[in-house]
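Reading through the structure tokens given below for one structure.
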Amino acid sequence: MLAPLLHPLDREQSALLLATLTFGGKDGMALLDLLPDEISAPMKAKSQKLLEIPKEKRIPLMLRELKQYMQYRHTRGIEGVDPSWLAAGFRGERPRVVAAALMHMPASLARQIVERLPPELKRDLPPRSEFQNVPLAILKLVRARYDEKFASMPVVDTDIQSLGFRDLVLLEGKELVSVCRAVGIDELACAFAAVGKRALAELLARLPKGNAEELIAAVRRVASQDVEEVKVAQRFLSRVLDGFTHTEELFQKAGLYRLAKSLAYEDPELVRQMCQRFPRAHGKLLMEYITKAKESRDSLTQDRSYRTQDVVLDQVKELAGRGKIASKYLAAEFRFRTR
């Protein structure tokens, strides 16, 4: 096994090095010069060690190692799950189990997870070299049991041809947070558009100037609203207005509540995907709001829920146009539910 010799290269670096040496030999090493120095330097050092192995032994060993890399497949697309969920998924697990599950993850994702682990758990993680004699089948079983804790995420296509509400799970987590903030301001505006200037003025006095101006602009954009929709927004507002400690917290909570209304009639798998695409604190609150939205289905009809989805899509389009999220979404055909 070559694992101890390749340590501490990650899986992608090891596979690249083995493929380069196997099919390009010494001449192929020039390709490593195209990589950043901090990546190519350790790979070049490992290549010298590998080249010391006689060719008749080295080639079969490298091919066997590459075959193992190719045989391993992630059972679920957890790369789409926010790392804060993935780190929480290791809660209560032993360091050796954690290290085994991290073995075949993309290096950048594994780093983000490890950064979020408790200090004592990070300290006790064993090195990759300890797993050199562990059968691949065992590592795959450990990883599969871990992956089952999370939603199966769709593969993200860089060329998005069309975009409907269900496709919002393709957005990055930070983009979803931006969308959440924007629709949250709209939700607050909907609630305040019908309660009178005094109540609005009292809230504006509690907000920083920039945030107050954003809310005023949103109130002015509010068209004639469905009476029941306004009542729903006001009920939410009455629950959170007294307790909020930060303006952004208020905007985000209002946005999550609007998203919850838009998800009230969607299937559980999409709900799970959407929650886990967000950072965990957002996702857990979204799940709580969705439960409440489903309990009020008498007032929240399916048609109203679908109209809310279209409003959310409008915000995605606007934010992309303003450069607040990736502009690539503007090239997509937007698919609305009720238009």
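Read-outs throughout are calculated quantities, based only on the coordinates presented, and are distinct from any laboratory measurement. Source: prediction; values computed, not measured. Please note: Cβ atoms are built from the backbone with ideal geometry, for glycine as well, and neighbour counts cover all protein chains shown.
Expressed in nm to one decimal, what extension gain is obtained for the pair Arg337 and Leu109 from 0.36 nm per residue of sequence separation less their Cα-Cα distance? Mind showing how you got there, number by number?
Numbers: separation 228, 0.36 × 228 = 82.08 nm, distance 3.47 nm.
Difference between extended and current length: 78.6 nm.
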Cα extents of the range 78-147 per principal axis, largest first, Å, are 30, 26, 22
Amide H neighbours of Phe334 at under 5 Å, excluding residues fewer than 5 places away on the same chain, with H built from the backbone geometry, are Leu163
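As a footprinting exposure proxy, order Ser327, Ser152 by other Cβ within 10 Å, with the fewest listed first. If you can, show how the numbers build up before the last one.
Numbers: Ser327 12, Ser152 15.
So the ranking, lowest neighbour count to highest, is Ser327, Ser152.
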Simple SL model, points at 7 angstrom along Cα→Cβ for Glu120 and Glu248; separation in nm is 3.1
Going residue by residue through the range 325-332, the Karplus relation 6.51 cos²θ - 1.76 cosθ + 1.60 with θ = phi - 60° gives ³J(HN,Hα) values, rounded to whole Hz and with x marking Gly or Pro, of 10, 4, 6, 4, 5, 5, 6, 7
Output ordering of 258-271, 137-150, 119-132 (per-residue mean of other Cβ within 10 Å, highest first) is 258-271, 137-150, 119-132
Scalar couplings 3J(HN,Hα) for the range 268-278 by Karplus 6.51 cos²θ - 1.76 cosθ + 1.60 (θ = phi - 60°), nearest whole Hz, x for Gly and Pro, are x, 5, 5, 4, 5, 4, 5, 4, 7, 6, 6
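Of His246, His282, how do they rank once you tally other Cβ atoms within 10 Å and put the fewest first? Display every interim value, and only then the final one.
Working: His246 9, His282 22.
Exposure proxy ranking, most exposed first: His246, His282.
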Label model pair Arg58, Arg94: point-to-point distance (7 angstrom along the Cα→beta-carbon line) in nm is 3.9
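Mind sorting Thr20, Thr291 by how few other Cβ atoms lie within 10 Å of their own Cβ, fewest first?
With the sparsest Cβ surroundings first, the list reads Thr291, Thr20.
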